[in-house]
Structure formats: structure tokens, C-alpha cells
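Working notes for the structure below.
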Amino acid sequence: DLLWLPFILFHYLDETANYKFLNETESYYDNKEKQDSLFNHCVGSIEKVLTRYSDRGLPLIGAGDWNDGLSAVGLEFKGESVWLAHFFYLILKRFASLSEKVGRVDLQIRYNVKADELKEAINNFTWDGKWFWRATKDNGIKIGSDECEEGKIYLNAQTWSVISNSTDKERQIDAMNSVSNFLLKDNGALLLWPAYSKPDKFIGYLTRYAPARRENGGVYTHAATWAIQAYAMIKDADNAWLAYSRLNPINSGMDPEKYVAEPFVTPGNIDGPDSPNYGMAGWTWYTGSAQWYSKVVLEWILGIRPTENGLLVDPCIPKTWKEYKVKRTFRGTVYNIEVKNKSGVSFGVSEIFVDGIKQTVNLIRTVNKSYVEVEVIL
């Protein structure tokens, strides 16, 4: 949990470029009298995780990572997390870049070195042949490996290898092909497969759910949105669209007797194929997942996303789309963006005009205007 602070901070800075925000002070949760800057809070979180490594140089999972259902995997602080390894690699690389911008070259060097070491450990130890395994228990037994009878493949260990760019392109593609082969089902990407049919006290409470319910092999919407992003990042437009449209509650709601839930809000989870109620949703009005869903659609399918230097235009759409428009407020300016797919392609900007002036790159740099008209040609 402690690493989400720097992760969210990166997104805030991409959106605002307000680097003064790093100097805002907050107290520590366990010491209300101690005030520190947001920058130093982030450094503290990173340094804490760097103390929680296995002998192989992989981060320890403890009582769970993003998936708190893995609540017993590493209670002795010996079990490793592959998802966390991918995620932490991204944190280290981004914070190294941020440290350079604020003049902390010492941290820039340190975190780049730590990132390189972590990437080497990931690729030396965690590749399972066709995908990344998910974790090890305290006794060293793998989870999310082809060696397992149940829970052979987990979604997050694949998608975040792409999102974090913590492995080479060949493995990224192989990992996402495994997602397509085993996890991409009628209502989006499953969190794991096959579901656990009996409790495992050395994995955690997710194995105590009925098969294909919630974290035990169902579609967990939060993680399923990351599959959309990962497919788009490797330019697999067909599967990005499938992962999006199958997760779409409006589409699932067309069969209300099966779907059960409201068709106008995102659910927390949808039963997977190992459930007798395959396709039934639950825990609706899941606002965090709704925001991730919105974010990946806007930034990775429509391809309008914020960066430190401006708005990047990088669509990944179905080839049959002819055109679409996006109205995006960014740093006080309203950008009216019209994308025309003249070549019948899924990606690849050929021309871009900002207020009628042709640009040489597909990055719209920040301007001091109220409104900007943008025409994009694919």
C-alpha cells in the first residue's frame, strides 16, 4: 500500500506539472508530531520496500500486496511477490527521473541502480515459460505457475510486466498471449485461472471464496481494466477492444437475467466460467474500478493522455472506426480533439494540426490559451 503514494503523485504531476506540490508537508501516520514533505514521504516508502527483499532480490509479499486476498502467502516474510516486483520497478524508474528534476542526483543514481537490479531479478527468476508466476509462499512453493494444479496463471503478473516495462517486448507479448488464451472470457479478463476448489491456508482468504467468485477466479474489475491498458500498450488493438467491451456493464446488462446487476455502473466483480452463475455481477457502484475503467479508455484506447510535457495523442482503436472527438481540459486549457481514421488503421498518427498548424510530433505542448482545436489524422 505504501507505494501507491509515489504512484499517484506521478499521475498528479503529469496532469498538473505542479512540482511545488512536492514541498507540501504532512505528518506521519504513526507520529503526528513529525511533519515532512510529500517528496520525503515518498522516499521513505521506497526505502522501506528496499529493506523487504528476498535473497534473490525480489520484494516480499507479507500479508498480501495489491491482492489482499493473498493474505497468508508471506506471513513469515519469506514469500515473494512478482506483481510487486513489476510495480516497484516502475516506481523506481519514475522516481529516479523525478529526483533528477528536483536536483536530487544522489537519489536518481541510487534508484536507477536499484531498478536495474530488480529488472534483472525479475527476468532471471520469475518467468514461468509462457507467463510470469505470481508469488512464492514462505516455503518457496510458487503460486500462479504452470506447476500448480489450481491458480496456474494470475492476471496482474502479466499486465504489469507491460505497464511497467520490466521485461523485453517478446516476453510482454508472450505474457499477454497467455492472458488471451486463459484469462480473457465473456465479461473481461479473469484475475486468475483455474479457480481454487478448496481452501489453502498458506495462500489466504481468496481460496475460501466459492470457485470463480470475486478474487477466486472471477473478473475483478479493478485488475481487468489494467488488461485493457496492457493490450493497448503492446498495440494489440483487437484484444484491447475485446477486454474493454466484454467488461462494459452496458453490454453485459443486455442479458439481465444472467448479469443481475445494474447496467449503468461498474461492478466490483463478475463470476467466471468455473461458477454456476457465470456472468453474474456483484458489488456494484465500485467507484475506484469505475475511475480506472474511465482512465484506460480515455488514455489508452482513445489515446489522449497527460505527460510531463503535454498531451500525447496515441490512439489504439478498432480499424473500423472512422472518426471520434474528445473534449479534454488540461492545465486550464480546453482541447477539442478530432481524430480521423483515413487509413483504416488501429494506431499510428500520420498528421496532427494544432489550431491549423501542422506539428512534427504527436505531443500537444501546453499553451496559454482558453481553447485549442486539434485535428489528428491516422
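May I ask you to list the residues in region 82-135 that are open to solvent by 70 Å² or more (accessible area, probe 1.4 Å), out of contact with any helix residue (DSSP H, G or I) (no Cβ under 7 Å at 6 or more places or on another chain) and not in a helix (DSSP H, G or I)?
Of everything in region 82-135, just one residue is open to solvent by 70 Å² or more (accessible area, probe 1.4 Å), out of contact with any helix residue (DSSP H, G or I) (no Cβ under 7 Å at 6 or more places or on another chain) and not in a helix (DSSP H, G or I), namely Arg104.
Does Ser164 satisfy being crowded, with 20+ Cβ neighbours inside 10 Å and farther than 19 Å from Leu247 by Cβ? Break it down stepwise before answering.
Values: crowded, with 20+ Cβ neighbours inside 10 Å: yes; farther than 19 Å from Leu247 by Cβ: yes.
Taking the combined requirement at face value, the residue satisfies it.
Looking at the structure I just gave you, is Gly57 at pLDDT 95 or above and in a helix (DSSP H, G or I)? Quick ask: steps written out before the conclusion?
Numbers: at pLDDT 95 or above: yes; in a helix (DSSP H, G or I): no.
It is false that Gly57 is at pLDDT 95 or above and in a helix (DSSP H, G or I).
Of the residues in region 19-66, how many are of a type in the set (Ser, Thr, Tyr) and more than 19 Å from Ile91 (Cβ to Cβ)?
First, the residues of region 19-66 that are of a type in the set (Ser, Thr, Tyr): 19, 25, 27-29, 37, 45, 51, 53-54.
Filter once more, keeping what is more than 19 Å from Ile91 (Cβ to Cβ): 25, 27-29.
Final tally of qualifying residues: 4.
Would a scan of region 193-209 turn up a residue that is more than 20 Å from Ser71 (Cα to Cα), open to solvent by 30 Å² or more (accessible area, probe 1.4 Å) and assigned to a helix (DSSP H, G or I)? Break it down stepwise before answering.
The initial filter retains those residues of region 193-209 that are more than 20 Å from Ser71 (Cα to Cα), namely none.
So far as region 193-209 goes, no, none of its residues is more than 20 Å from Ser71 (Cα to Cα), open to solvent by 30 Å² or more (accessible area, probe 1.4 Å) and assigned to a helix (DSSP H, G or I).
Here is a list of conditions, (1) within 17 Å of the chain's Cα centre (by Cα); (2) surrounded by fewer than 22 Cβ atoms within 10 Å (Cβ to Cβ); (3) under 27 Å from Pro267 (Cβ atoms), and Phe182 meets all of them except one; can you say which number that is?
Only one criterion in (1) within 17 Å of the chain's Cα centre (by Cα); (2) surrounded by fewer than 22 Cβ atoms within 10 Å (Cβ to Cβ); (3) under 27 Å from Pro267 (Cβ atoms) is unmet by Phe182, namely (1).
With the structure loaded, tell me whether Ile317 is part of a loop (DSSP other than H, G, I, E, B) and either at pLDDT 95 or above or of a type outside the set (D, E, K, R) (or both) or whether it fails that test.
On the way: part of a loop (DSSP other than H, G, I, E, B): yes; either at pLDDT 95 or above or of a type outside the set (D, E, K, R) (or both): yes.
Against the criterion (part of a loop (DSSP other than H, G, I, E, B) and either at pLDDT 95 or above or of a type outside the set (D, E, K, R) (or both)), Ile317 qualifies.
Has region 44-66 got at least one residue that is free of Cβ contacts under 8 Å to residues at least 60 places away in the same chain, within 30 Å of Arg208 (Cα to Cα) and among the aromatic types (Phe, Trp, Tyr)?
yes
Looking at region 302-327 only, could you name the residues that are of a type in the set (S, T, N, Q) and out of contact with any helix residue (DSSP H, G or I) (no Cβ under 7 Å at 6 or more places or on another chain)? Explain how you work it out, then say what you get.
Filtering region 302-327 down to residues of a type in the set (S, T, N, Q) leaves 307, 309, 320.
Residues satisfying the conditions are Asn309, Thr320.
Among the helices (runs of 4 or more DSSP H) confined wholly to region 210-284, which include 3 or more residues that are surrounded by 20 or more Cβ atoms within 10 Å (Cβ to Cβ) and among the β-branched types (Val, Ile, Thr)? Talk me through it step by step, then tell me what you get.
Numbers: elements: 221-233, 237-247, 249-252, 256-259.
Answer list for region 210-284: 221-233.
Only one of (1) closer than 18 Å to Trp160 by Cβ; (2) out of contact with any Gly (no Cβ under 6 Å at 6 or more places or on another chain); (3) not basic (Lys, Arg) is not met by Ser37, so which one is it?
With respect to (1) closer than 18 Å to Trp160 by Cβ; (2) out of contact with any Gly (no Cβ under 6 Å at 6 or more places or on another chain); (3) not basic (Lys, Arg), Ser37 is out only on (1).
For region 4-27, does any single residue satisfy the condition of being in contact with a Lys or Arg (Cβ under 8 Å, 6 or more places away or on another chain), of a type in the set (D, E, K, R) and either crowded, with 20+ Cβ neighbours inside 10 Å or without any contact (Cβ under 8 Å) to a residue 40 or more places away in the chain (or both)?
Within region 4-27, none of the residues are in contact with a Lys or Arg (Cβ under 8 Å, 6 or more places away or on another chain), of a type in the set (D, E, K, R) and either crowded, with 20+ Cβ neighbours inside 10 Å or without any contact (Cβ under 8 Å) to a residue 40 or more places away in the chain (or both).
Which number in (1) in contact (Cβ under 8 Å) with a residue 12 or more places away in the chain; (2) surrounded by fewer than 20 Cβ atoms within 10 Å (Cβ to Cβ); (3) at positive phi marks the one condition that Gly144 misses?
(2)
The values are calculated or read from the model by the stated rules, or taken from the named source; none is laboratory data. A quick note: this is a predicted structure, and the numbers were derived from the prediction, not measured. Ideal geometry is used to build each Cβ from the backbone, glycine not excepted, and the neighbour counts take in all protein chains shown. Accessible surface areas use protein heavy atoms only, side chains included; no ligands, DNA or RNA. Shrake-Rupley method; radii C 1.70, N 1.55, O 1.52, S 1.80 Å.
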